[in-house]
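The next block holds one structure in the form of structure tokens; read it before the comments.
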Amino acid sequence: EVEPVPEIPRTAFGRVQAVLRGSPCPIDSIQFRDSGYECGGARGLRKERGATMREYRSNELPDRRNADLLVSIDGKLVPRSEAKISVFDSAVQGGDAVWEGLRVYSGRIFKLGIHLERLRASAHALAFKDVPDIEELRQAVFATLEANGMRDEVHIRLTLTRGPKVTSGMSPKFNRLGPCLIVLAEWKTPVYDNAVGIRLITASIRRNSPQTLDSKIHHNNLLNNILAKIEADFCGVDDALMLDLQGFVSETNATNIFAVIGGGLVTPRADSCLPGVTRNTVIELACSNGIDLVERNLSLSEIYCAEEVFVTGTMGEISPVLEVDGRMILSGTVGTLTRELQRLFQKVVTAKGELIPTLLG
């Protein structure tokens, strides 16, 4: 007798729990009813309604120009194939590093100074020694862009590790050679389709609070986020919404979140999330354009019933959210206020970033 496929609750927590409890059917046959998805387990996800992030073959690059990148490691420009750090580096040994994501628009790096200050602040919070000054960081970024001939549609991953250790171990006392600076610039357009929108589930993983690891430190130990992202990938959606330890909405695994409620913007207080640069830009745009905004605790049911929802981040800019845990956000289309903020944001980023020095003349 063939046993029926079990009903799986819509939340990722329910899905994961069903598997962990030892479902009567193998994982390869679990179906998520009414979600438009079937999970193929080790064979991969089969989608009827696709997530908006594009999938790639194992040997395919999102942009072929990135095959010949030059990466800056400790001031030396090396080809992508040779871009390596020591196995003794703290980033390898324990994720002991800090990072920033920057984006280039029409020859300008948006809010470069703020990103570099936050990188240095994160390094200071982690007691790094001999942290490069702002000008040294700026010049490393500019040199990498110049070497690659990059002017637009570029994302920069700027990483500062605690540096290599003289022997394996947890203690920073073994780090005696100073930090290691990595500048990785790629041709990369926003990672979501912001004209269409994205879909989220709520992760079972809770976002770090200052009681454990303060999310205001922009560190490389991203397992908290990665575990949530695994749940989103498993469920065939774009990203995972994360709650704080009290059950309020914090952010997604990769972005900050806003909701339109009663015609105004609401965003969670930055207690258990990174107060992102794009988030702060949206707040500035709201204040300067007469849009009501409040930072407060935001419950999951408020997200479900909001008039509009969108997320913000350097990687994706302003991305409309059309569905959360199977609940359509109002009409399931991109909202009017979201569209207006997208327009205002594009106007700002193309006009007010720091001009790449080689373009000054």
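The values are calculated or read from the model by the stated rules, or taken from the named source; none is laboratory data. Keep in mind that this is a model prediction, so the values were computed, not measured. Because the Cβ atoms are built from the backbone with ideal geometry, glycine has one as well, and the counts that use them run over all protein chains shown.
For the stretch 324-342, a residue qualifies if it is within 12 Å of Ala286 (Cα to Cα) and not β-branched (Val, Ile, Thr), and the qualifying residues are Leu337, Glu340, Leu341, Gln342. Consider the stretch 71-118 and keep the residues that are buried (at least 17 other Cβ atoms within 10 Å of the Cβ) and in contact with a Pro (Cβ under 6 Å, 6 or more places away or on another chain). The one that is farthest from Asn220 (Cα to Cα) is Phe88. Selection of the stretch 213-238 for residues being under 13 Å from the mean Cα position of the chain (by Cα), under 23 Å from Asn280 (Cβ atoms) and hydrophobic (A, V, I, L, M, F, W, C) yields Leu222, Ala228.
Within the stretch 256-269, not a single residue is free of Cβ contacts under 8 Å to residues at least 12 places away in the same chain and β-branched (Val, Ile, Thr).
Considering Asp96, Asp63, the condition of being at pLDDT below 95, charged (D, E, K, R) and under 21 Å from the mean Cα position of the chain (by Cα) is satisfied by Asp63 alone. Cβ-Cβ contacts under 9 Å between residues 6 or more apart (or on different chains), taken from a first residue in the stretch 161-185 that is of a type in the set (D, E, K, R) to a second residue that is crowded, with 21+ Cβ neighbours inside 10 Å and in a loop (DSSP other than H, G, I, E, B), are listed as Arg162/Asp96; Arg162/Phe128; Arg162/Pro179; Arg176/Gly163. When the stretch 279-298 is filtered for residues that are surrounded by 14 or more Cβ atoms within 10 Å (Cβ to Cβ) and either in contact with a Phe, Trp or Tyr (Cβ under 8 Å, 6 or more places away or on another chain) or not polar (S, T, N, Q) (or both), the ones remaining, listed by number, are Arg279, Thr281, Val282, Ile283, Leu285, Ala286, Ile291, Leu293, Glu295, Asn297, Leu298.
Ala259 meets the stated requirement of being over 21 Å from Asp96 (Cβ atoms) and over 16 Å from the mean Cα position of the chain (by Cα). It is to be established whether one or more residues within the stretch 139-159 are modelled with pLDDT of 95 or more, closer than 20 Å to Leu77 by Cβ and touching a Cys at 6+ places or on another chain (Cβ under 9 Å). Yes, some residue in the stretch 139-159 is modelled with pLDDT of 95 or more, closer than 20 Å to Leu77 by Cβ and touching a Cys at 6+ places or on another chain (Cβ under 9 Å).
Among the residues making up the stretch 122-149, those that are within 24 Å of the chain's Cα centre (by Cα), surrounded by 15 or more Cβ atoms within 10 Å (Cβ to Cβ) and aliphatic (A, V, I, L, M) are Ala123, Leu126, Leu137, Ala140, Val141, Leu145. Just one residue in the set Thr333, Thr338 is buried (at least 21 other Cβ atoms within 10 Å of the Cβ) and either under 30 Å from Gly113 (Cβ atoms) or in contact (Cβ under 8 Å) with a residue 12 or more places away in the chain (or both); that residue is Thr338.
Scanning the stretch 221-235 for residues that are touching a residue at least 60 places away in the same chain (Cβ under 8 Å), within 26 Å of Glu153 (Cβ to Cβ) and part of a helix (DSSP H, G or I) turns up at least one hit. The set of residues in the stretch 92-130 being in contact (Cβ under 8 Å) with a residue 60 or more places away in the chain, within 30 Å of Thr358 (Cβ to Cβ) and not in a strand (DSSP E or B) consists of Ser106, Gly107, Phe110, Lys111, Leu112, Gly113, Ile114, His115, Arg118, Leu119, Ser122.
Hey, can you tell me all the residues within the stretch 225-261 that are surrounded by fewer than 18 Cβ atoms within 10 Å (Cβ to Cβ) and farther than 30 Å from Arg339 by Cβ?
Of everything in the stretch 225-261, those that are surrounded by fewer than 18 Cβ atoms within 10 Å (Cβ to Cβ) and farther than 30 Å from Arg339 by Cβ turn out to be Ile226, Leu227, Ile230, Leu245, Gln246, Gly247.
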